[in-house]
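The values are calculated or read from the model by the stated rules, or taken from the named source; none is laboratory data. Remember, it's a predicted structure, so these values are computed and weren't measured experimentally. Counting neighbours? That spans all protein chains shown, and the Cβs are built from the backbone with ideal geometry, glycine included. The area values use the complete protein model at the heavy-atom level, side chains included, leaving out ligands, DNA and RNA. Shrake-Rupley method; radii C 1.70, N 1.55, O 1.52, S 1.80 Å.
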Amino acid sequence: MPRFAAGMRLTHRPQIDVFRTEDPPALTLVVEIPGANPDAMTIVLDGRRLLIAGERERPRVEGRWYRSEIEYGPFEREVSLPFDVSVEEASASYRRGLLRIVLPVADSPPAPVRVSIEVLRTG
Amino acid sequence: MTELETPLLEPSDVQIPQVLPILPLRETVVFPESMTPLAIGQERSIKLVDDVVAADRMLALLTSRDHEKETPGFEDLYTVGTAAVIHKMIRVPDGTLRVLVQGIRRIHLEETLDTDPYLLGRFVEVPDVLEESREVEALTRNVQNLFARIIGLVPYLPEELQLAAANVDDPSALCHLVASTLRIKTDEKQRLLETANVEERLRDVSRILNRELEVFELGSKIQTQVQSEIEKGQREFFLRQQLKAIQDELGESDPERAEVEELRERLGALELPEDVRKAAERELARLERLPAAAAEHGVIRTYLEWILTLPWSEATADNLDLDHAREILDADHYDLEKVKERIVEYLAVSKLKNDLSGPVLCFVGPPGVGKTSLGQSIARALGRKFVRISVGGVRDESEIRGHRRTYIGALPGTILRALRDAESRNPVFLIDEIDKMGSDFRGDPASAMLEVLDPEQHSGFRDHYLDLPFDLSKVLFICTANTTDTIPAPLLDRMDLIQLSGYTEDEKFGIARKYLVPKQLREHGLTPSRTTILDRAVRLVIREYTREAGVRNLERRLAELFRKAATQIARGEVDKVRIDEARAREWLGPRRFSGEVRKRTTEPGVATGLAWTPVGGEILFIEAGAYDGRGRLRLTGQLSEVMQESAQTAFSWVRANAVALGLDPGWFGAHDVHIHVPAGAVPKDGPSAGVAMATAIVSLVTERPVAADVGMTGEVTLTGQVLPIGGVREKVLAAERAGLKRVILPRENEPDLEELPEDTRKKLEFVLADEVSEVLEAALDGKARARLRRPTGIERRAARGR
């Protein structure tokens, strides 16, 4: 049975957790994407939509493969957010293979513009 | 939280190298944008995957035209395929590979480069041709709808595809999605892949979807039907099981099946004609399908029982020993010389022909002369079974041939019923009283008898009930009748008549001694040593207590005597009984028949005629009376037209010859004559009483009584001739029984006297007459008494007063 992804591109989709914490109220996203280069990641907020993209480069191997299960190459995820967030105080960090994005809850809708979030490199 | 419907980023642009290794596919087509798992086992393909995985993971997938071919070459492959990336790969322990490939874009093989270690080619991309239009949009939606419906119907397509299909709005991708998920033929898939024009491809896809939908819907309809049939069958089975359980509880465990099995077994054991067996098996199959409660069940059962009990092949062996036959006939019947001879002749012919299917014998004669028992004797002589039916009073054709099975309570006709009782297909079949068969609106039984008795037809006798041909040709039919007059001519035509006439007193005596007395002794538990009857007593019984052609009443009277004897012995009053004349008179009471003739004919105007009836001969009194009148003739006594005319003829002759006869010619002008023939309730026919009437009239006019011991018969003409008549033997025997001494017969009947038994001829005096005058001379013998004047009736006195 062939699998079929809508509008398939040569990208893969890492797994994501999303949760809200209070004091201060904030939304946190965790992306499971080890082996990626944090410098080449793109995080864009567009209203209530958040896009995460990057690449996990396939290692060059001279030899014979027995298993090839890990997905390499470009990845991307689009997530719709449950409420408005403020982009000014948003932060992102990459540690131990997990990309963590924290978005403070906003009282009013943000300006409808695309804003990029820098990824902090830690550990 | 849901996935966004449209990506924010443009699809990443993958560069496809011009030169690609080729992985041939069998029985599958990989479409762009689809993920397909493949199993790879061939040496060169494994080598290919190894190389590709270690490099840029790109390869070309081309489908083979011939899926039978193990290692296809370039010439076996379609030239349009898909460029793909190996996404995941696992080497399984047996050395073969499972790979997950992802189609990228359509490519066309431009040039073949290498075949070793695997196929290598140069490719160009074949981009979609798509013009955005309303039509394409409509087609796209149509395909989406159809696909959604198919997913609902088809078990192998997961529900999630619904969502996936709804999310694809790119028409080309939609086509690829549908094409890759449907189980359609490989060449059809290939054609879809090769179609670069998206609109055209959409049309193809929707055509295929429509067709598949139809097939699936039909399939599911069939499925539903089968399902409901199974459910129905299960329900019936369940109910039957319950019924069976109930029956078991009631102690009626499945009698139906046992019944059908029993019938089948019996059927199998029988030797049946082919068509009968077929019919029986057909009915048996029907019986099996019917519940015992169905009304039809009993009908079919009865029908099968009939088939089973009829003697289709059972037969007895014939004994055609003529001497043996003669012995048995002699042992069973007294005298009847001619009849026995005739029967033996018949058997002799049958023996030579080796076939008993000749004409049907018919015994004609008065009651009690042994017609039925002759039939029994023949059966005994031949060693055949004997059956007897009586068709006297039968008016309904269906009595003979049965009713159709559609009628409630229908049964086969009397013919087949009798054969069943005979348990043999070649019995002696006695049909009694065939002259007394009636016919009315219910049909004509005589016509049905025709079929039974006609040797040309009866090999395939078809009873209405059975509706199967039954062979009657081996049956020996014998009919009995009292007279042939009432037997329909076509029936009579098929029979060989054997006349049995009445018995004389001596013959009756012989029969009584030889058969009746021993038989009655036996039936009353008496022995000849303790009970004897004297010859004189037997003759007394014959003479004074019976008057009949046969011996039926004689037997009854004898039985009466032996009953009384048995009573005495049983009471212990006596040890031995000897029946003499006095004892017989005492026990039988006053004599029943005696000098009736004498008493009746003492007066002038009464003559004794002789008549023939189907039950034997009779004496008949012709009474003539006169009163004042003008010479008219009055006739009473249920006389037929013929007899009335014969009376008028006699009257006219007497009047015409009054002078010659010495009568007073004026007498007739002054008197009316009344002729009456008792008994008044019995119809009478025939011209043979002519002479008796003339005699009565002359006796009346002359007042000379007719001699008491003379009986007469003969037809009279206007010129006074006496014409011959029939039934001489019966008439003479009747005269003998009545105690007459002289019988006046037409001279032309002289040869018939030869037929009479010896002792009868001796006992009686015969007067043969040519003319009425001779009759008168003999009858009015002019004895003194005739002149005697006696106080008589009013008419005569009145006549005399004139």
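Here are the numbers for the structure shown:
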quantity	calculated
Simple label model, 7 Å out from Cα along Cβ direction - B:K576 to B:A331, nm	3.0 nm
Cut-off 18 Å, label 7 Å out along Cα→Cβ of B:E262, residues of region B:306-326 by amide N	B:306-310
27 Å Cα-Cα reach of B:K519 towards lysines, excluding residues that sit fewer than 8 places from it in its own chain	B:K338, B:K340, B:K371, B:K385, B:K508, B:K564, B:K576
Rounded if a/c under 1.5, otherwise prolate or oblate - the protein assembly as shown, Cα gyration tensor axes	prolate
Nonlocal amide H pairs with B:R105, under 5 Å, H built at 1.01 Å	B:A83
Residues B:A489 and B:A315, FRET efficiency given R0 of 25 Å [Cβ-Cβ distance, rounded to 0.05]	0.15
Local electrostatic count at B:A489 - Lys and Arg +1, Asp and Glu -1, tallied over other residues with Cβ under 14 Å	-4
Zone of B:A660's modelled label, taken as backbone nitrogen in region B:608-647 under 18 Å from a point 7 Å along Cα→Cβ	none
Kirkwood estimate for region B:59-163, i.e. one over the average of 1/r between Cα atoms, Å	17.4 Å
Shape category assigned to region B:124-267 from the gyration tensor of Cα positions, a/c cut at 1.5	prolate
Additional length obtainable on full extension of the chain from B:R404 to B:Q457, 0.36 nm per residue less Cα span	17.0 nm
Potential extension, B:H67-B:N145 segment - 0.36 nm per residue separation minus Cα distance	24.8 nm
Label-point separation, B:D275 to B:E236 (7 Å along Cα→Cβ), nm	3.3 nm
Region B:20-55: GluC sites (Glu not before Pro) falling in loop per DSSP and having at most 14 other Cβ within 10 Å	B:E27
Under the Debye formula (equal points on every Cα, no solvent term), log10 I(q)/I(0) of chain B at q = 0.05, 0.09 Å⁻¹	-0.56, -1.01
Loop sites in region A:28-123: chymotrypsin sites (Phe, Trp or Tyr not before Pro), DSSP, at most 13 other Cβ within 10 Å	A:Y66, A:F83
For the pair A and B, total buried accessible area rounded to nearest 100 Å², probe 1.4 Å	3600 Å²
Local net charge near B:K338, Cβ-Cβ under 11 Å (Lys/Arg +1, Asp/Glu -1)	-3
Contact order relative to length of region B:22-164, as percent, for alpha carbon pairs under 8 angstrom and 6 or more apart	24 percent
For B:N482, residues with placed amide H under 5 Å, excluding near neighbours	B:G365, B:D435
Sparse-neighbourhood loop sites, GluC sites (Glu not before Pro) in region A:25-62 - DSSP loop, at most 11 other Cβ within 10 angstrom	A:E62
Accessible area of chain B belonging to carbon and sulfur atoms, whole % at 1.4 Å probe	49 percent
Whole-Hz ³J(HN,Hα) from phi, Karplus 6.51 cos²θ - 1.76 cosθ + 1.60, for region B:86-98, glycine and proline x	7, 8, 9, 8, 9, 9, 8, x, 7, x, 7, 10, 10
Alpha carbon centroid spacing (whole Å) that separates region B:531-582 from region B:333-364	35 Å
Solvent-accessible area per residue, Å², over the protein assembly as shown with all protein chains present [probe radius 1.4 Å]	50 Å²
Average Cα contact separation per residue, chain B, under 8 Å, 6 or more apart, as relative contact order %	7 percent
Positive minus negative residues near B:P469 (Lys, Arg vs Asp, Glu; Cβ under 15 Å)	-2
Region A:58-118 versus region B:443-469: alpha-carbon centroid distance in Å	106 Å
Cα-centre dipole for chain B with unit charges at Cβ (Lys and Arg positive, Asp and Glu negative), debye to 20	7480 debye
Rounded FRET efficiency, nearest 0.05, which uses the C-beta distance separating B:T224 from B:L250 and R0 of 41 Å	0.60
Whole-angstrom gap from region B:147-224 to region B:12-39, using each part's C-alpha centre	21 Å
Contour excess over end-to-end distance, with Cα ends at B:Q568 and B:V129 and 0.36 nm allotted per residue	144.6 nm
Phi-based couplings in Hz for region B:314-329 (Karplus 6.51, -1.76, 1.60; Gly and Pro marked x)	5, 8, 9, 7, 7, 9, 9, 6, 5, 5, 4, 4, 4, 4, 5, 4
Chain B: Cys lacking any partner C-beta under 4.7 angstrom	B:C175
Prolate/oblate/rounded call for region B:331-455, Cα gyration tensor, a/c under 1.5 rounded	prolate
